[in-house]
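Here the structure comes first, spelled out in structure tokens, and everything after it is commentary.
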Amino acid sequence: MEYLKQKILKEGIIKEGCILKVDSFLNHQIDVEFLNEVGKEFKRRFSDKEVTKILTVEASGIAIAVMTAQYFNVPVLFAKKVESSNMDESTYESEVYSYTRGKTYKMRVSKNYLSKDDKVLVIDDFLANGSAALGLVNLVESAGAELSGIGIVIEKSFQDGGKKLREKGINLHSLVRVEFDSENNIVFK
């Protein structure tokens with residue numbers, strides 16, 4: 001997706017530790033026109049799959065999932081990272097490690113909203129070590145639902161998340177895959 005590559009080169013900031021900061025358009029401030037194009041692209045890439053629900057994790061994945069869901073005409077379900085008093089007591093849970101935050105947390109979805117009849121497309125902003133994606137897959141499997149695939153906006157191909165998912169035979173589509181050269185510049189794979 002050339003438009004995404006240009007947006008990353010123009011607005012992305014590279015921080016120490018191979019951290020690509022794209023919060024000006026993707027995961028803090030939202031560029032709605034851009035995300036609309038992302039949603040269309042995910043619909044194109046998964047057009048051969050049946051999808052009854054889109055699943056993501058709060059918070060950064062929600063906007064991307066919503067923009068994608070409008071093209072599939074299905075609801076969005078997001079896994080919650082924080083336990084709250086108004087969350088249903090009956091939930092599917094998955095423990096994941098956040099590379100960005102450097103900590104482990106549980107994500108949860110209510111059993112009321114994910115069932116064995118669902119065909120689920122997982123959508124997220126980044127794929128690094130694969131923990132969040134595998135955690136979402138675990139939630140889908142716990143419900144007995146079918147995984148239609150995983151759509152990622154930016155995959156860090158120098159980390160092993162993509163490899164883990166592909167080795168499991170998961171239908172993974174990353175809109176761009178990035179690496180960094182020896183001078184810490186972005187290289188698209």
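A short reminder: the numbers here are calculations on the coordinates, not readings from a lab. Please read these numbers as outputs of a predicted model, since none were measured by experiment. Note: ideal-geometry Cβ built from the backbone for every residue, glycine included; neighbour counts use all protein chains shown.
For region 153-178, what are the residues that are closer than 20 Å to LYS119 by Cβ and over 12 Å from the mean Cα position of the chain (by Cα)?
Across region 153-178, the qualifying residues are LEU165, LYS168, GLY169, ILE170, ASN171.
GLU33 versus (1) acidic (Asp, Glu); (2) loosely packed, with under 14 Cβ neighbours inside 10 Å; (3) under 25 Å from LEU139 (Cβ atoms): which is the lone unmet condition? Result: GLU33 passes all but (3). Restricting attention to region 113-147, and to residues there that are of a type in the set (S, T, N, Q) and closer than 14 Å to ALA79 by Cβ, which single residue is surrounded by the most Cβ atoms within 10 Å (Cβ to Cβ)? So, considering only residues that are of a type in the set (S, T, N, Q) and closer than 14 Å to ALA79 by Cβ, the one surrounded by the most Cβ atoms within 10 Å (Cβ to Cβ) is SER131.
I need a count of the residues in region 170-184 that are assigned to a strand (DSSP E or B) and under 27 Å from GLU141 (Cα atoms). Residues that pass the stated criteria total 6.
I'd like the residue in region 8-35 that is β-branched (Val, Ile, Thr) and not in a helix (DSSP H, G or I) and, out of all such residues, is nearest to LYS156 (Cα to Cα).
Taking region 8-35 as the starting set, the residues that turn out to be β-branched (Val, Ile, Thr) are 8, 13-14, 19, 22, 30, 32.
In the following step, the residues that additionally are not in a helix (DSSP H, G or I) were identified as 13-14, 19, 22, 30.
Values: ILE13: 14, ILE14: 13, ILE19: 9, VAL22: 13, ILE30: 21 Å.
That would be ILE19.
Scanning region 148-169 for residues that are of a type in the set (Gly, Ala, Ser) and not in a helix (DSSP H, G or I), we see that the one that is surrounded by the most Cβ atoms within 10 Å (Cβ to Cβ) is GLY151.
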